[in-house]
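The values are calculated or read from the model by the stated rules, or taken from the named source; none is laboratory data. What you see is a predicted model; the values in this text were computed from it and never measured. Quick reminder, even Gly has a Cβ in these numbers, built from the backbone with ideal geometry, and neighbours come from all protein chains shown. Each accessible area value is taken on the protein alone, full model and side chains, heavy atoms only, with ligands, DNA and RNA left out. Shrake-Rupley method; radii C 1.70, N 1.55, O 1.52, S 1.80 Å.
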Amino acid sequence: MSKRTAQAPEPRAPEPQAPAPEPAGPRTALTLSRRRLLGTVGAAGAAGLVVGGAGGALSTAAAHEDGPAAALSSLGSTEVPFRDDRAKQQAGITTPLQASGHLVAFDLAPGSDRKAAAALLRRWSRTAEQLMAGRAPDADTGVALDAGPSSLTVTFGLGHSFFDRTGLTKHRPVQLDPLPDFSADALDPKRSNGDLWIQIGADDALVAFHALRALQKDAAGTARLRWQMNGFNRSPGATAHPMTARNLMGQVDGTNNPKPADPDFDERIFVGRDAAQEWMRGGSYAVVRRIRMLLDDWEKRSRHEQERVIGRRKDNGAPLTGGSETTPMKLDATGADGLPVIPANAHARVAAPESNQGAAMLRRPFSYHDGFREDGAPDAGLLFICWQADPLRAFTQVQRKLDRGDALSPFLRHEASGLYAVPPAAAPGGYVGQPLLEG
């Protein structure tokens, strides 16, 4: 799938260092109540804590009410709300990219019916809300005992087979019809699809693992693990200034992403009010692809060759026709030889909305590295995740175009795939998917 179709959400601006605390006596430490800190974060929101600010800046607060505790960094104390009155969608869709992620799919166990599925989603929603607020659930493992929320998000989706297993086939949206076969596909069915899907993201790997383990324990007896994939991105604050992420090919990966400020953003990414299935209104559809990069082959190419394959400069992501990363491509520009400056099969050209009747999707990927294959090549690439209101008009349309002639395709292998309906956020006191399961 496209590495350039659309960019991940806006990069996070670095946070200025907090003022140094007042000098402390020899037995005095900068301490902070966990309960008080989390309350402060919730009240302050984005204005109080810049998401993904420079690591090491300490959040300061008044004296403790729960006893001494080590002060959390701004990175650790940042909280993403499980439900937001201003937005209908679940967290983890427009949330800025996090440093660590897990994708996991479950199948309902034999005998688990609609009632059991509802109970599981109720448990999962409760656990996710607690963890995203930095609170430990019941019977906690203690893995992240001294950590804050660290921008944790947990996002839930429902696969095509979920509706058959719960007797809700007539409520399955047509947008969940299976994706077509593509010529580059070499899909492993054991690592594809699934009744239930969870995306976990956090800026601390232990916090992400903690959430994964808690949700897996919640599923015991009701759903069985089908597959799991682990990913990563650059850590917030690792660069001197905010910038679009790079993938494992070294390319700036994510230019041209739809932006929340765009007038048609909601129309492209979220299900509208007139959707046939009322329970999905305000939700979105996630396409997940595990795409292995043939890095040994790619790295043998010169930078000039790589840039012509992509259609953009490697150092700053600018189109070959000039400017900066955000400069529009001049698809009609030709060189002295009369040929297009951006080759006809360049990835950026083939995947561009201008080449696909305006089709676009919100890309929010993780990179992955699962060791090395028997031939010594790295088993590494992209956990591609894209969001759209209608996969047929977004992902499928663009991928079909790429399938017919994309210069990047020979360096990629699509090895796993999934499509999931991601309902809107839970209502206060409710759980994700409740209108479907109790409607």
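Miscellaneous remarks
- Checked against (1) open to solvent by less than 50 Å² (accessible area, probe 1.4 Å); (2) under 30 Å from R404 (Cα atoms); (3) among the β-branched types (V, I, T); (4) at pLDDT 95 or above, V252 passes all but condition (4).
- Residue list for the stretch 229-239, restricted to those being in contact with a Pro (Cβ under 8 Å, 6 or more places away or on another chain) and either open to solvent by 90 Å² or more (accessible area, probe 1.4 Å) or on the phi > 0 side of the Ramachandran plot (or both): G237
- Test for N257: is it under 18 Å from the mean Cα position of the chain (by Cα), modelled with pLDDT of 95 or more, under 30 Å from P435 (Cβ atoms) and part of a loop (DSSP other than H, G, I, E, B): no
- Condition met for V271 (open to solvent by less than 30 Å² (accessible area, probe 1.4 Å), out of contact with any His (no Cβ under 6 Å at 6 or more places or on another chain), aliphatic (A, V, I, L, M) and modelled with pLDDT of 95 or more): yes
- Considering (1) farther than 19 Å from P258 by Cα; (2) open to solvent by 20 Å² or more (accessible area, probe 1.4 Å); (3) within 25 Å of the chain's Cα centre (by Cα), the lone condition that A380 does not fulfil carries the number (2).
- Residue within the stretch 332-348 that is open to solvent by less than 10 Å² (accessible area, probe 1.4 Å), within 25 Å of A99 (Cβ to Cβ) and not in a loop (DSSP other than H, G, I, E, B) present: no
- Of the candidates R213, R226, the single residue that is touching a residue at least 24 places away in the same chain (Cβ under 8 Å) and surrounded by fewer than 16 Cβ atoms within 10 Å (Cβ to Cβ) is R213.
- Residue match in the stretch 219-227 (condition: more than 23 Å from R290 (Cα to Cα), at pLDDT below 95, in a loop (DSSP other than H, G, I, E, B) and out of contact with any Pro (no Cβ under 9 Å at 6 or more places or on another chain)): no
- In summary, R404 fulfils each of the numbered conditions (1) in contact with a Cys (Cβ under 7 Å, 6 or more places away or on another chain); (2) modelled with pLDDT under 95 with the single exception of condition (1).
- Top-ranked residue of the stretch 280-320 - restricted to ones that are of a type in the set (S, T, N, Q) and either in contact (Cβ under 8 Å) with a residue 40 or more places away in the chain or in contact with a Ser or Thr (Cβ under 8 Å, 6 or more places away or on another chain) (or both), ranked as surrounded by the most Cβ atoms within 10 Å (Cβ to Cβ): S284
- Residue match in the stretch 170-184 (condition: modelled with pLDDT of 95 or more, part of a loop (DSSP other than H, G, I, E, B), open to solvent by less than 10 Å² (accessible area, probe 1.4 Å) and under 21 Å from G283 (Cα atoms)): yes
- You will find that of S192, S150, S161, the residue that is among the hydroxyl-bearing types (S, T, Y), over 30 Å from T396 (Cβ atoms) and open to solvent by less than 40 Å² (accessible area, probe 1.4 Å) is S150 and no other.
- Pair list, Cβ < 8 Å and 6+ apart or interchain, from the stretch 263-279 residues that are farther than 18 Å from Q90 by Cβ to residues that are among the aliphatic types (A, V, I, L, M) and open to solvent by less than 30 Å² (accessible area, probe 1.4 Å): E267/A389
- For E354, the conditions (1) outside any loop (DSSP other than H, G, I, E, B); (2) open to solvent by 10 Å² or more (accessible area, probe 1.4 Å); (3) at pLDDT 95 or above all hold with the exception of (3).
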